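A short worksheet on the structure shown next.
The values are calculated or read from the model by the stated rules, or taken from the named source; none is laboratory data. From a predicted model like this one, the values you see are computed outputs, not experimental measurements. Cβ: placed from backbone, ideal geometry, glycine included. Neighbour counts: every protein chain shown.
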Amino acid sequence: MYEFAYHRPNSIRKASSLSASGEAKFLAGGQTLLPTMKQRLASPDALIDLAGIEALQGIELKGRTLHIGAMSRHADVASSAVVREAIPALAALAGDIGDPHVRAMGTIGGSIANNDPAADYPAACLGLGATIVTNKRRISADDFFTDMFETALEEGEIITKVLFPLPRRSAYAKFDNPASRYALVGVFVSKRGRDVRVAVTGAGPCVFRVAAMEDALSKRFAAKSLDGISVAAGDLNSDIHASADYRAHLVGVMARRAVAAA
Amino acid sequence: MSNTGIGARVARLEDQRFITGAGKYTDDVNVAGQTYAAFARSEHAHATVKSVDSKAALAVPGVIAVFTGADLEKDAIGPLPAGWMIHSKDGSPMNAPGHPCLVQGKARYVGDPVAVVIGESLAAARAGAEALAIDYDVHEAVTDPAKARSSATQLHDSAPKNTCYEWELGDKAATAAAFKSAKHVTKLSLSNNRLVPNPMEPRSALGNYDAGTDSFTLYTTSQNPHVARLVMSAFLNVAPEHKLRVIAPDVGGGFGSKIYVYPEEVVCTWASKKVGRPIKWTADRTEAFITDAHGRDHVTNAEIAMDERGKILGLKVHTTANLGGYPSLFATCVPTYLYATLLSGQYDIPAIYAEVDAVYTNTVPVDAYRGAGRPEATFLVERIVEIASREMGIDPATFRKRNFIKKFPHQTPVIMNYDAGDYAASLNKACELIDYKGFGKRRREAARRGKLRGIGFSCYIEACGIAPSAAVGSLGAGVGLWESAEVRVNPTGNVEILTGSHSHGQGHETTFAQLVSDRLGIGIDQVTIVHGDTDKVQFGMGTYGSRSGAVGMTAISKALDKVEAKAKKIAAHLLEASESDIEFKDGAFSVSGTDKKVTFPEVSLNAYVAHKFPSDEIEPGLKEGAFHDPSNFTFPAGCHICEIEIDPETGVCEIADWVAVDDFGNVINPMIVEGQVHGGIAQGVGQALMEGVSYDSSGQLMTGSFMDYCMPRADNLPSFKVDTTVTPCPSNPLGIKGCGEAGAIASPPAVINAITDAIGHENITMPATPQVVWQAARQGAARAAE
Amino acid sequence: MPKVTMTVNGKAASADVEPRTLLVDFLRQHLRLTGTHVGCDTSQCGACVVHVNGRAIKACTSLAVQWDGASVTTIEGLASGDALHPMQEAFREHHGLQCGFCTPGMIMAAVDLVNRHGGVPDEATIRRELEGNMCRCTGYHNIVKAIGAGASAMQGSGKVAAE
């Protein structure tokens, strides 16, 4: 690792102002950032640790909306009675990110700010129609995830919490990359009133929705409705782990499994 | 049998330190004044190093020194040698250019060390390595062994067509004749995937020069510290043997990859004198992926000929073996004498002819990895036999039994003389344990759940305890493959065993103590096993090739014979009886037919006090040594059966059941032996389903971390049903055959035979990842629909 | 350099460290607690697992400065004096280790998983929970057995979540 300065502010305001100078990075759970820095692939001159900020903590249900503080660890979300009751698919998703030790550190805010194309949380945010709240504004998930490792976040903008409207039904089906255990393909489906969402992670350069599947499921929310619907392989990732064709096929399989489980 | 003697399931003595965090691995060793090394490595697979500018590196705060290949050359530090001479079929010696410890001229794989930076801290050394300006002239790379011989790219001037040797074994004419008379011929083309050994402890070295004694100490992650010292002295000119102490403390797994001498340990030792400070280097995992010797990597075409009843008549094999950028220490013997000599498998095959071309490519050097040649042979034999039985419509178990060798000793057409075995016994027991008869029912039940279920056999044989030394010498080995032992009995009757074997997970501190406890009738807590330090143990050949039981323990046993003989003489004086009347049993010497006895500790004390025997007749003390050179290889063999279930929608394979029935001869500690089998199976399943090195065409490693190279984890594997049959090994007094590699040798074909059984065709490659299996299952379904 | 102070295995430990000092380097190099190992650089192998404030984390993917004021337990602090933790005993009894390199992380992960799940987890749960711990020697067979047995023994000894 290259040298850097370390700050641990106790307020969002201080954190934001610390980020104004130089090449600072926010440190949430660090489960992606620190390995990247260890391999000398990132060289921030300062890390601003968000763990000391009370306002980024907490999980609560307000009416029909689940509020999850940005610094909530995956393990906290997975084991939260509130989440398990309100959106069991979200708790299950959090409980299958990385491994137990990564889940003890990794946070929802860190995960979505990083927007790894194979991460799970972006699929949940997009698949549930979440709203990402920052110290500056509210951003709908549809607008938040812009490209591979790119989001709508601006310099110094800090995610404070994520708001999930409660679905009537939802599920996440994930096919693990055998080596890294990230999602080779993950599909999050939800149904809330007439709003049906199908969000896919792992398969493309950035999490995306599948309109054809959503239309079909809006008519009848059943795995069978997806028969004959496929995503175009042309837009998908192809690497040593899986060809675009295989990923396209898995999107169909995982979508059907998610719908069946929802 | 006592509760700690031979055959007992004794909990391991060494575990106390490992479960409390008190183990001492090389990176745990720290010495005063220590500095740190960071290696600058070639980013290119094939490039001439035109210059190394170290000015900026030396300006980094904390950087002490920079060395390059030219500095090694100045001090006449030689390149890493190949330790086994192979001659091509035309009689010419192999082309085996040495591997300079820091590049001299060309870098030949990504990771080849170009320079070393020594720093006050690891961070300083790494920053220095990054600051080096290395100017490369980049050349085209060749990474595919199948293309190496025809490539316009030449790695070494001294190896035309990138070829190390073109070797053959067996009778070509007899084999051709056998094929002429055949009623059925089965053909198979396969590749045996390249693997990264990945012991959990990365390699590490700590070199330390002591000016006062003009001698070096090297702590290193080695499976054979004496051989490391010999190579570094005799071939590399680092220091004379008596001025170099090599210590391999606790070593966190080896699997072959820690047999060889590597550039880093040589450089850290040599440079410690240059900088006058100790130098430590520890690989991170990324570095391990591009520096530890890889394993396997064969491309093979084979044909097997049968008569109308399925009796095998002959086998023809052509293999291209990838050696990587340089010939690593034992690399040249792996695809020859450790591979082709096992092509007869468990079968009576009258004629075999094998050709092996070994080639250089711009990849990490390949050398022995758990099994070393024998997994490649077993994979070939057990796949082609399985396919032949399927093609001929003969039940695969029946086909195998029909062809098993049944009379021993059995001379194969490929050198080996199998001494003992009962292959049908292992197969029958395995069939029983897995309920082979009930398989059809299980398959139908799986089909109802939408799963494809298959069953796969693997009847493997291996040759362990490579020996005798004169014979391996005649085959090209640069060393003898005996083992040494010394038994030091202390005056109070406890015992230190100095062994040339090295334990890096095998549990020698327990099993060796069990042998001593059994023989001397003392508690195992009265025995200490000393290994891994060239200053303590006089010499030894180390641990690999499943040799430490059969060879290392036999050496101890022979030394114990001598101790017992001398102790009897002393006991005779103590008991005032004739030596021929002394019996030794349960730790006491007695005069036969009387109740007069003395215990082993009493005799030990008297041996040193030396009051009660004439010291002109018997020397004082009780210490004996032995060297054991085996008269033959040992031949562990057995049968593994795998049942697999495939999800045809995704291609995911789940191992539904696994049975292993092995014949290791006599077993000292069944618990430890079972553990060796479990671990071996896991590595073999890894090869079959998950692990595989991938290079792009420019020679960049695509699978350079655990993010991309898939290691088996707990949820990839089932619990295994492990059992044994026993035919004692006739070539050593303990009847031991060895067990360390069996699982890794046996398991890959069992997995692939199960998958191909499930999907209904043979076209599948390793690793059979979900994508590979999904594609194959689709082909299978398409064929079934035709 | 920032100063960090922690309670490590029940004892106060403090040092001036560079911010880039990983928790595992703080333990291994500053405190010479070399039982915690490093087996990879991608946060996957689990040889470095320790407990921080009662939770198992990977000490190679965490900075020492993040844990000022925290309570850390490493493999060296798991036993109570000469009395081994039941999970340590179970690993020995069931031959849950060979080379021993993954063992400290494996045992710390095992204790944590029993603490989180309570009771005696079934084989499938144990295997799934070991996703973040690699072993190259044992094929996991005896590790899984040892953790089951260790979990049973922990129920009997009241060691569950007792840190």
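Some points to look at:
- Scanning region C:113-128 for residues that are assigned to a helix (DSSP H, G or I) and surrounded by fewer than 24 Cβ atoms within 10 Å (Cβ to Cβ) gives C:LEU113, C:ASN115, C:ARG116, C:HIS117, C:GLU123, C:ALA124, C:THR125, C:ARG127, C:ARG128.
- Cβ-Cβ under 8 Å pairs, at least 6 apart or on other chains, region C:80-104 side under 26 Å from C:VAL38 (Cβ atoms), far side in a strand (DSSP E or B): C:CYS99/B:ASP250; C:GLY100/B:ASP250; C:PHE101/B:TYR25; C:PRO104/C:VAL49
- Some residue of region B:51-67 being within 32 Å of the chain's Cα centre (by Cα) and in the same structural domain as B:THR286 (by TED's automatic domain parsing): no
- Considering residues of region A:8-60 that are hydroxyl-bearing (Ser, Thr, Tyr) and over 16 Å from C:CYS60 (Cβ atoms) only, the residue nearest to the other protein chains (Cβ to nearest Cβ): A:SER43
- Filtered by the rule that a residue be at the interface with chain C (Cβ under 7 Å from one of its Cβ atoms) and over 25 Å from the mean Cα position of the chain (by Cα), region B:5-21 gives B:ILE19, B:THR20, B:GLY21.
- The number of residues in region B:611-653 that are at pLDDT below 95 and of a type in the set (Gly, Ala, Ser) comes to 2.
- Qualifying residue in region C:89-98 (condition: aromatic (Phe, Trp, Tyr), within 11 Å of another protein chain (Cβ to nearest Cβ), in a helix (DSSP H, G or I) and under 14 Å from the mean Cα position of the chain (by Cα)): yes
- Per the listing C:THR42, C:THR74, C:THR7, C:THR34, the residue uniquely crowded, with 24+ Cβ neighbours inside 10 Å and of a type in the set (Ser, Thr, Tyr) is C:THR74.
- When region B:595-643 is filtered for residues that are part of a helix (DSSP H, G or I) and aromatic (Phe, Trp, Tyr), the ones remaining, listed by number, are B:PHE600, B:TYR608.
- Some residue of region B:681-700 being in contact with a Leu (Cβ under 6 Å, 6 or more places away or on another chain), in contact (Cβ under 8 Å) with a residue 12 or more places away in the chain, buried (at least 24 other Cβ atoms within 10 Å of the Cβ) and charged (D, E, K, R): yes
- Residues being of a type in the set (Asp, Glu) and in the same structural domain as A:ASP239 (by TED's automatic domain parsing) are represented in region A:166-177 by at least one member.
- Count of region B:57-78 residues which are without any contact (Cβ under 8 Å) to a residue 60 or more places away in the chain and buried (at least 19 other Cβ atoms within 10 Å of the Cβ): 2
- Positions within region B:284-329 being out of contact with any strand residue (DSSP E or B) (no Cβ under 9 Å at 6 or more places or on another chain) and farther than 20 Å from B:GLN223 by Cα, in sequence order: B:THR286, B:ARG309, B:LYS311
- Filter result for B:SER705 (touching a His at 6+ places or on another chain (Cβ under 6 Å), within 8 Å of chain C (Cβ to nearest Cβ), surrounded by fewer than 24 Cβ atoms within 10 Å (Cβ to Cβ) and not in a helix (DSSP H, G or I)): no
- Restricted to strands (runs of 3 or more DSSP E) entirely inside region A:145-205, those with at least 1 residues that are more than 19 Å from A:ALA119 (Cα to Cα) are A:159-165, A:169-176, A:183-192, A:195-201.
- Count - residues of region B:250-277 that are assigned to a loop (DSSP other than H, G, I, E, B), in contact with a Leu (Cβ under 9 Å, 6 or more places away or on another chain) and hydrophobic (A, V, I, L, M, F, W, C): 2
- Qualifying residue in region C:83-90 (condition: modelled with pLDDT of 95 or more, crowded, with 22+ Cβ neighbours inside 10 Å and closer than 21 Å to B:GLY253 by Cβ): yes
- Condition met for C:GLY156 (away from every other protein chain (no Cβ under 11 Å), of a type outside the set (D, E, K, R), out of contact with any helix residue (DSSP H, G or I) (no Cβ under 6 Å at 6 or more places or on another chain) and not in a helix (DSSP H, G or I)): no
- For B:ALA446, the stated conditions hold: it is farther than 21 Å from B:GLY345 by Cβ and not in a loop (DSSP other than H, G, I, E, B).
- Scanning region B:301-318 for residues that are assigned to a strand (DSSP E or B) and in contact (Cβ under 8 Å) with a residue 40 or more places away in the chain yields a count of 12.
- Selection status of B:ALA656, assigned by TED's automatic domain parsing to the domain that holds B:LEU427 and either in a loop (DSSP other than H, G, I, E, B) or within 23 Å of the chain's Cα centre (by Cα) (or both): no
- Residue satisfying all of: in region B:207-221; over 15 Å from B:GLY532 (Cα atoms) and assigned to a strand (DSSP E or B); nearest to the chain's Cα centre (by Cα) among these: B:GLY207
- Residue in region C:53-71 that is surrounded by fewer than 24 Cβ atoms within 10 Å (Cβ to Cβ), more than 29 Å from A:MET37 (Cα to Cα) and more than 7 Å from every other protein chain (Cβ to nearest Cβ) present: no
- Residue within region A:88-102 that is on the phi > 0 side of the Ramachandran plot, outside the structural domain of A:ALA179 (by TED's automatic domain parsing) and over 20 Å from the mean Cα position of the chain (by Cα) present: no
- Residue in region B:715-725 that is among the polar types (S, T, N, Q), surrounded by fewer than 18 Cβ atoms within 10 Å (Cβ to Cβ) and either within 24 Å of B:ASP662 (Cβ to Cβ) or touching a residue at least 12 places away in the same chain (Cβ under 8 Å) (or both) present: yes
- Pairs, first more than 11 Å from chain A (Cβ to nearest Cβ) in region C:6-33, second among the aromatic types (Phe, Trp, Tyr), C-beta under 8 Å, six or more apart: C:MET6/C:TRP67; C:ALA15/C:PHE26
- Any hit, region B:494-501, residues being modelled with pLDDT under 95 and assigned to a loop (DSSP other than H, G, I, E, B): yes
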